[in-house]
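S.K.: Here it is, the structure in full.
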């Protein structure tokens with residue numbers, strides 16, 4: 001069998017070679033001629049898998065190593081008998097880390113006590129549920145909005161979008177991009193959305209660019225309707241609106257989910273999906289060579305520090321979003337290059353926090369975030 005693989009997908013080299021002919025190509029070079037005699041494609045969001053690419057081919061399965069699958073014409077694939085899969089939740093812990101860093105940076109900037117703040121999480125799937133959990137660990141009041149889940153599970157856990165608009169100090173968006181229907185999210189944050197806000201919240205978009213209407217958020221920022229806009233996903237990216245970039249408090253080039261852990265998990269899910277479909281018996285395969293950060297140990301002396309300051313030290317050691325913001329603003333025209341050359345970022349579980357003068361509550365919260373925790377005397381696990 002023959003498998004076409006996007007050459008930017010990490011850690012996948014060697015996975016299929018024992019059982020298939022493997023061709024690695026740039027997404028832009030994945031053409032109808034290339035896939036004509038292929039059995040499977042492993043891809044990313046930049047390759048449009050539609051009738052133009054697939055008609056007349058022998059492709060039976062498409063795996064995208066990404067959460068999103070807007071680049072796959074699922075209706076065409078269903079009609080053509082082509083199975084497809086995405087990697088739901090593969091980078092959810094990475095986005096969790098991105099939002100945690102954002103909250104700690106904002107708290108430092110404004111002198112916030114996060115335990116006095118309310119966050120509204122719009123979209124409570126793989127990502128949103130983890131963001132909500134972290135916010136709770138930070139002591140925040142958490143409001144959840146997810147109409148599909150509310151219909152399925154009842155209203156006990158959820159509130160209306162209107163409640164979040166009226167009560168939240170921070171609103172963070174984690175919805176899929178739905179262009180139409182009851183749960184349409186295209187331009188969810190439009191002029192009407194901003195007019196309905198009860199105070200001046202921070203708005204964070206790390207899901208899809210088209211969920212926030214560019215002109216509406218620009219107007220909201222200029223009029224002081226929202227206090228800050230943190231943006232990782234942009235309409236029409238990589239050709240983003242530079243005037244909006246100038247207005248944002250924190251701006252990044254669609255890298256919230258770009259931890260090495262998230263990428264490795266997406267690759268693993270794709271390999272296992274193709275293995276299962278074609279019965280390749282690769283279920284024991286695991287990504288190898290996942291890079292480590294320079295410093296995996298975090299030393300924290302809690303003397304004189306609040307619980308929030310201890311957690312902030314740990315979180316920002318693993319990932320300080322201000323670095324990505326500064327790098328992006330130097331040359332936003334390099335949007336794709338910055339993403340392609342993104343430095344090593346590992347999630348909380350790759351780090352060990354070595355603590356001194358830290359109480360049990362802080363230790364438990366660090367562990368709950370995913371950190372390994374050791375006492376200052378080294379080697380003695382707390």
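S.K.: With respect to residue 34, is the statement that it is in a helix (DSSP H, G or I) and more than 27 Å from the chain's Cα centre (by Cα) true? Show your work before the answer.
M.R.: Numbers: in a helix (DSSP H, G or I): yes; more than 27 Å from the chain's Cα centre (by Cα): yes.
Yes: the conditions hold for residue 34.
S.K.: Also: For residue 79, are the conditions met, namely being over 19 Å from residue 208 (Cβ atoms), outside the structural domain of residue 126 (by TED's automatic domain parsing) and free of Cβ contacts under 8 Å to residues at least 12 places away in the same chain? Write out each step before concluding.
M.R.: On the way: over 19 Å from residue 208 (Cβ atoms): yes; outside the structural domain of residue 126 (by TED's automatic domain parsing): yes; free of Cβ contacts under 8 Å to residues at least 12 places away in the same chain: yes.
For residue 79, the condition - over 19 Å from residue 208 (Cβ atoms), outside the structural domain of residue 126 (by TED's automatic domain parsing) and free of Cβ contacts under 8 Å to residues at least 12 places away in the same chain - is met.
S.K.: From the list 217, 175, 202, pick out the single residue that is surrounded by 17 or more Cβ atoms within 10 Å (Cβ to Cβ), more than 19 Å from the chain's Cα centre (by Cα) and on the phi < 0 side of the Ramachandran plot. Step through it out loud before you land on a result.
M.R.: Details: 175 fails: more than 19 Å from the chain's Cα centre (by Cα); 202 fails: more than 19 Å from the chain's Cα centre (by Cα).
Checking each option against the conditions leaves just 217.
S.K.: Select, from 264, 251, the only residue that is within 30 Å of residue 40 (Cα to Cα) and buried (at least 20 other Cβ atoms within 10 Å of the Cβ). Give the steps one after another, and end with the answer.
M.R.: Values: 251 fails: within 30 Å of residue 40 (Cα to Cα).
Within the list 264, 251, the selection yields 264.
S.K.: Please specify each residue of the range 304-337 satisfying the condition of being farther than 17 Å from residue 101 by Cα, assigned to a helix (DSSP H, G or I) and at pLDDT 95 or above.
M.R.: Across the range 304-337, the qualifying residues are 329, 330, 332, 333, 334, 335.
S.K.: What are the residues in the range 121-158 that are buried (at least 17 other Cβ atoms within 10 Å of the Cβ), touching a strand residue (DSSP E or B) at 6+ places or on another chain (Cβ under 8 Å) and more than 19 Å from residue 178 (Cβ to Cβ), if any?
M.R.: Listed by number, the residues that qualify are 131, 132, 135, 140, 142, 143.
S.K.: Here's something else I'd like to know. Consider residue 51 carefully, then state whether it is more than 23 Å from residue 336 (Cα to Cα) and out of contact with any helix residue (DSSP H, G or I) (no Cβ under 9 Å at 6 or more places or on another chain).
M.R.: On the way: more than 23 Å from residue 336 (Cα to Cα): yes; out of contact with any helix residue (DSSP H, G or I) (no Cβ under 9 Å at 6 or more places or on another chain): no.
It is false that residue 51 is more than 23 Å from residue 336 (Cα to Cα) and out of contact with any helix residue (DSSP H, G or I) (no Cβ under 9 Å at 6 or more places or on another chain).
S.K.: Look at the range 318-329 and say how many of its residues are over 17 Å from the mean Cα position of the chain (by Cα) and surrounded by 18 or more Cβ atoms within 10 Å (Cβ to Cβ).
M.R.: Summing the residues that are over 17 Å from the mean Cα position of the chain (by Cα) and surrounded by 18 or more Cβ atoms within 10 Å (Cβ to Cβ) in the range 318-329 gives 1.
S.K.: Continuing with this model, one more query. Among helices (runs of 4 or more DSSP H) lying entirely in the range 91-195, which contain 2 or more residues that are in contact with a helix residue (DSSP H, G or I) (Cβ under 9 Å, 6 or more places away or on another chain)?
M.R.: Values: elements: 92-110, 126-137, 147-153, 161-167, 191-195.
So the answer is 92-110, 126-137, 161-167, 191-195.
S.K.: Would you check if there is a residue in the range 210-218 being in a loop (DSSP other than H, G, I, E, B), in contact (Cβ under 8 Å) with a residue 40 or more places away in the chain and in the same structural domain as residue 112 (by TED's automatic domain parsing)?
M.R.: Our first condition is that a residue be in a loop (DSSP other than H, G, I, E, B); within the range 210-218, this holds for 213.
Next, only the ones that are in contact (Cβ under 8 Å) with a residue 40 or more places away in the chain stay: none.
No: zero hits.
The values are calculated or read from the model by the stated rules, or taken from the named source; none is laboratory data. It should be emphasised that the depicted structure is a prediction, and the values quoted were computed from it without experimental measurement. Neighbour counts run over all protein chains shown; Cβ positions are idealised from the backbone, glycine included.
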